[in-house]
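Everything on this sheet refers to the single structure shown next.
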Amino acid sequence: MSLLLPLLVFLPLIFAGVLRLPLGLWRCRASTWKVSLGVAAATGLIALLLAATFDYGDAEIQMRGSIPWIPSLGLSFSYGLDAVSLWLVLVSAVVLLPVVVLASWGEKLQVGASEEQPGDFAAFLSWVFVLGAALMGVFVAQDAILFYAFFELTLIPAVFLIARFGGPERVRAAMTYFFFAFTGSVFTLAGLLYVGWVSAEANGVWSFEFDALYAAAATMSPTQQGWLLAALLAGFLVKTPMFPLHTWLPAAHEQAPSAGSVDVAALVLKIGPFGILKLAIPLAPVAAVNFAPVIGALACVGVVYAALCAWVQRDAKKLIAYSSISHMGFCLLGLFAFDAGGIGANGAIFYMLAHGLATGGLILCVGIVFDRFGTRDLTRLGGLASVAPGLAFFFVLFAMTSVGLPGLNGFVGEFLTMLGTFQSPTGVLGPAYAAVAATGVVLAAIYLLHLTAKIVWSAPGNALSGPEHTTEILKTKGKLQRREFAMLAPLALGCVLLGVFPQLILGPIEQPVAGYVADATAIANDVEPALANTPIPDSSPPLVAASAE
Amino acid sequence: MEVLLQKITTLWPEITLLLGAISCLVTGLHPSRAARNLTPWVAALSMGVASLLVAFVPEPTAHPLGYDGLSAYIELAVLGVGLLLLAVAAGLPDVVKQHRRSEPAADRGRFEPADALKGEFYAFFLLSITGCLMTAGASDLVWLFLALELVSLPTYVMIATTRDSSLAQESAIKYFFLGAMSAAMFLYGFALIYGATGFTDFANISATVQMQGVTPMMTVGLVLAVLGLCFKVAAVPMHVYAADVYEGAATPVTAFLAFVPKVAGFVALMIVLGLVGWPLPKAVVTLLAVIAVLTMTLGNLLAVVQTSLKRMLAYSSIAQSGYLMLGLIAGPAAVAAATSGMAIGNGLAAILFYLPAYGLATVAAFAVVAALRTNKDADAEVETYDDLAGLAKRQPVLCGVLLIAALSLVGLPPLAGFAGKVMLGGSIAQSGIQPLSALLLFALVLNSAISAAYYLRLGLTPFFGGDAETTHPRGVPLRFVAASLAAVGVVVMGLVLGSPIATAAHDVTKHAGQVPVEAVAAAALSSE
């Protein structure tokens, strides 16, 4: 069974390669699309199989396996899955990948000034699949260098999706994205090599397996940990993104084709917090606690600043981009709260998943609006509720999820991260941070309702009025196609389901998450300071595997 | 005499290349056109045979500096990349005016040997490679010096004769004079090393150094030798020639310059520093660290602002030398890691791994540039990024090759350059010379980030730039093949062959600087 995980990564990757074969196979747009849908569904099925065979009571890394890559450098394709990874894989493979492929059909791909050529669609889809594979790789990697390799591999497809198929400023946006992300992540690599060396010193063998690194990191002094944390966060915080490293995101979102920006918003952003949980916090727990106030302060500034920016945007997609930055601030607050119950970190992971579904849905809705009415300018739209009730329904639902309406999944994440922040021990975060973040919730309500009001309810803007736009024509234009319904419905279902039954995720991830933040939480709460010196506390099941091997 | 004979038996690949060079001169100057056209094939054949012979060379006696198997490793690496270089360079003399004038005359029965270029180009090509291989086989300072000169001397001629442009002559002259100066410099260094120890053979020098420690004269000798060798690898402060020379030479020759002398230079540096062993004397470490940081930073910053592709690749090659310098500072693995048999942590293994990885990517990039022409200026070579813009639509394979090469040079996984950078970074992290090693690691990653700016531009302009439509490939199919093979090599080396190559590199270097006890005793005897 353990071959399911490599299959999950390599099936999309191999299919991406097949899509680029110069055989003339992929000249027909419809058949390309159907085959791709099939492969996306197969990937989802693999993920479901994983979920079915996963032992939810067991907090250890499961379905481990290892394929040698460069053994003499200590590099291997080691994979495994815990509940956190499983949920990220499930949401990515079962929901988002098929949805993105569904959405791709509606893309009017322009390459430069020329119209879409046969084969461009296959190229677009192949980059989507490469990105999907790279993300699965990030989620299942159990070797730090492999993790880094997939982390970097997400860059190339994202750059191609934006720079080849995006809007007028696409190349600039893609390059900005690449330079931000690459510059940050080379420091992450340096940090990983450094821990690798510390581990080699201790064990006499170079290994980048997470377990070995966790064990080695416990021997590091607070100063060493401080530098390590800085290096690791350089890569992760750019991806998250945290204020003031966020400037690439609005441009990338605005320029990306909507299927591409769903990928970026819903998936690529997630590997930042995931890396923080998986690497930065367990490897440098002392430093993470020491620097939590700084990161918390920046996250708070980000929450408020990005919310204010979102408020004044005229471009709906840019507004959503800023809302992402604001929302990811909550995620960071939760991760660095280190409250005794681990509520913050659990909330952060939940929030990541919730944000992926809701923001993905919003971007797709805006994409449909753009497709029908040719603009994303808020001042030119309006009155969608009367002409496109179906679309308006989904739009309002996703907006409400993002706002954090109780009963939908955004609320759970927002509530838990803020609760965690509030309960955070003194000297780490605390009520003050929670208070500032709470203004972000209010602001989110303002800018998202502003967005919804402008697009859905207010009087029709000039893109929808005028003699050529009779109600009849508008209604035909606004009617939701079956394909569009099929891509929005799973996202909406996810939002509601996780809103009503958050325990579906929160239950299984509680123990693994507690394991990752155990050291840092113990240090922050001053419980048994001796814990700081024990690399593998008994309460942290994922780490126990290390000592068992 | 017996020692000499023994040495000769280890030199079969070099001897084959030498015979190949002579055969090239014969066929290249032959009155029959068919024989002349055979010349590149003769060169290829002799390189192929030489690389096969590597397997049959008897196991050499222990290397005096602990580099057991260094020459076999370098022979395979250089001959492998060298065959690709030959494929890029094949046909180069045919387009020179002198040749095009002389051929019709020769067909009419008036063959003028003085006008024929083929013989000398391929012969010099082989001779330079022979020099590179002999550098790795050196066991004596005099031998090392002669081998290094054998690398450089043919390249001066190769630059000057293969392009109908005064630029080529200019760069040959520049390269020649600066090369002569650098040769004088490292020869002076070698002389001081001899003065400090009284020996020219490595075993005795090394044993003497072990006994009497590193004397000031020895340090000065090392410093001069390092500075002189910096010319070969195009490192600061001896890098100034690179951009002009690379730009002036014909592109296939530039590719040659970017790889062969660099390998020879780094092998020579490994040997010269191996004379004192690791950890190196403080002065030398400081010198190397300053050189490394300046080289990578200056190279990258200047590469960013270039608009000419060849100048950019020249500065890129300078920057890459800066990264490689880190491996010299780190040295072989600390004892604990050496016994575990893992290549990571060994700086010299990192150099040996990085060199072919860099070579493949660089050859791929230059092969693509060499295979393209632009209509703008009467079928001239492509010069700027703009010439590449939008090419991907018409030449997806070539542009894919260029992208892979650029991504490997920037160090993106899973390509060969990434594994190389992991090795270099890992070795500098473990070198234990705090806080210098942390600073050097920082310099490495910061420079990688800077380098992304121009490598990405190189790799992505063909895909996203507006369409120039003036650029087209010109039918040198071998260059396509060479470019594609090099790109495949970069991928394979990163994904599949990384481990065996890294292990081989580690096995060659893990005992570096550890002089056998008998040698020390022998030196003690002879000095009494």
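The values are calculated or read from the model by the stated rules, or taken from the named source; none is laboratory data. Small disclaimer: the values here were computed from a predicted structure and weren't measured. Note that each Cβ is placed from the backbone with ideal geometry, even for glycine, and that neighbours are counted across all protein chains shown.
Details
- Qualifying residue in the stretch B:391-398 (condition: within 14 Å of another protein chain (Cβ to nearest Cβ) and in a loop (DSSP other than H, G, I, E, B)): yes
- Only one entry in A:Val99, A:Val84, A:Val94, A:Val140 is more than 13 Å from chain B (Cβ to nearest Cβ), over 21 Å from A:Ile349 (Cα atoms) and not charged (D, E, K, R), namely A:Val99.
- Some residue of the stretch A:164-186 being touching a strand residue (DSSP E or B) at 6+ places or on another chain (Cβ under 8 Å), within 10 Å of chain B (Cβ to nearest Cβ) and either within 28 Å of B:Gly459 (Cα to Cα) or not β-branched (Val, Ile, Thr) (or both): yes
- Check on A:Leu504, crowded, with 24+ Cβ neighbours inside 10 Å and not polar (S, T, N, Q): no
- Among the conditions (1) free of Cβ contacts under 8 Å to residues at least 24 places away in the same chain; (2) part of a loop (DSSP other than H, G, I, E, B); (3) not small (Gly, Ala, Ser), A:Pro68 misses just one, which is (2).
- Of the residues contained in the stretch B:360-378, none is found to be within 14 Å of chain A (Cβ to nearest Cβ) and of a type in the set (Lys, Arg).
- Flag for B:Gly459 being more than 22 Å from A:Leu232 (Cα to Cα) and free of Cβ contacts under 8 Å to residues at least 60 places away in the same chain: yes
- Hey, A:Ala459 loosely packed, with under 13 Cβ neighbours inside 10 Å, closer than 28 Å to A:Gln313 by Cβ and in contact (Cβ under 8 Å) with a residue 60 or more places away in the chain or not: yes
- A:Phe54 farther than 30 Å from A:Val195 by Cα and either within 14 Å of another protein chain (Cβ to nearest Cβ) or in contact with a Leu (Cβ under 7 Å, 6 or more places away or on another chain) (or both): yes
- Looking only at residues in the stretch A:201-229 that are touching a residue at least 40 places away in the same chain (Cβ under 8 Å) and facing another protein chain (nearest Cβ under 7 Å), the one that is surrounded by the most Cβ atoms within 10 Å (Cβ to Cβ) is A:Trp206.
- For the stretch A:267-290, the criterion of being more than 22 Å from A:Thr521 (Cα to Cα) and within 14 Å of another protein chain (Cβ to nearest Cβ) is satisfied by no residue at all.
- The residue that is modelled with the lowest pLDDT, counting only those in the stretch B:1-46 that are surrounded by fewer than 17 Cβ atoms within 10 Å (Cβ to Cβ) and assigned to a loop (DSSP other than H, G, I, E, B), is B:Met1.
- Any hit, the stretch B:429-443, residues being under 13 Å from B:Ala319 (Cβ atoms) and facing chain A (nearest Cβ under 8 Å): no
- Between A:Ala437, A:Ala486, the distinction of being part of a helix (DSSP H, G or I) and either more than 28 Å from A:Cys331 (Cα to Cα) or at pLDDT below 85 (or both) belongs to A:Ala486 only.
- Among the residues of the stretch B:67-101, the ones that are on the phi > 0 side of the Ramachandran plot and surrounded by 21 or more Cβ atoms within 10 Å (Cβ to Cβ) come to 0 in all.
- Subset of the stretch A:389-406 [of a type in the set (A, V, I, L, M, F, W, C) and either in a helix (DSSP H, G or I) or closer than 16 Å to A:Gly367 by Cβ (or both)]: A:Leu391, A:Ala392, A:Phe393, A:Phe394, A:Phe395, A:Val396, A:Leu397, A:Phe398, A:Ala399, A:Met400, A:Val403
- Number of the exception - B:Gly432 against (1) outside any helix (DSSP H, G or I); (2) free of Cβ contacts under 8 Å to residues at least 40 places away in the same chain: (2)
- Candidates A:Ala297, A:Ala310, A:Ala251, A:Ala256 - the one that is among the aliphatic types (A, V, I, L, M), touching a Lys or Arg at 6+ places or on another chain (Cβ under 9 Å) and under 25 Å from A:Val442 (Cβ atoms): A:Ala310
- Filter result for A:Ala251 (within 21 Å of the chain's Cα centre (by Cα) and surrounded by fewer than 24 Cβ atoms within 10 Å (Cβ to Cβ)): yes
- Just one of the numbered conditions (1) surrounded by 21 or more Cβ atoms within 10 Å (Cβ to Cβ); (2) assigned to a helix (DSSP H, G or I); (3) basic (Lys, Arg) is not true of B:Arg163: (2).
- No other residue among A:Ala438, A:Ala434, A:Ala445, A:Ala453 is farther than 21 Å from A:Phe398 by Cα and among the small types (Gly, Ala, Ser) apart from A:Ala434.
- Flag if A:Ile145 is surrounded by fewer than 21 Cβ atoms within 10 Å (Cβ to Cβ), of a type in the set (A, V, I, L, M, F, W, C) and facing another protein chain (nearest Cβ under 10 Å): no
- Condition met for A:Ile156 (at the interface with chain B (Cβ under 9 Å from one of its Cβ atoms), part of a helix (DSSP H, G or I), modelled with pLDDT of 85 or more and closer than 16 Å to A:Ala256 by Cα): yes
- Restricting the stretch B:102-138 to residues that are in contact with a helix residue (DSSP H, G or I) (Cβ under 7 Å, 6 or more places away or on another chain) and of a type in the set (D, E, K, R), the residue that is nearest to B:Thr39 (Cα to Cα) is B:Lys118.
- Filtered by the rule that a residue be modelled with pLDDT of 90 or more and among the hydroxyl-bearing types (Ser, Thr, Tyr), the stretch B:309-343 gives B:Tyr315, B:Ser316, B:Ser317, B:Ser321, B:Tyr323.
- Pair list, Cβ < 7 Å and 6+ apart or interchain, from the stretch B:384-402 residues that are polar (S, T, N, Q) to residues that are not in a helix (DSSP H, G or I): B:Thr384/B:Thr307; B:Thr384/B:Ser308; B:Gln395/B:Pro473
- Scanning the stretch B:227-252 for residues that are under 18 Å from B:Gly299 (Cβ atoms), crowded, with 24+ Cβ neighbours inside 10 Å and β-branched (Val, Ile, Thr) yields B:Val233, B:Val245.
- Here B:Ile404 passes the criteria (1) more than 8 Å from chain A (Cβ to nearest Cβ); (2) surrounded by fewer than 24 Cβ atoms within 10 Å (Cβ to Cβ) except the one numbered (2).
- Of all the residues in the stretch B:481-528, those that are modelled with pLDDT under 80 and assigned to a helix (DSSP H, G or I) number 11.
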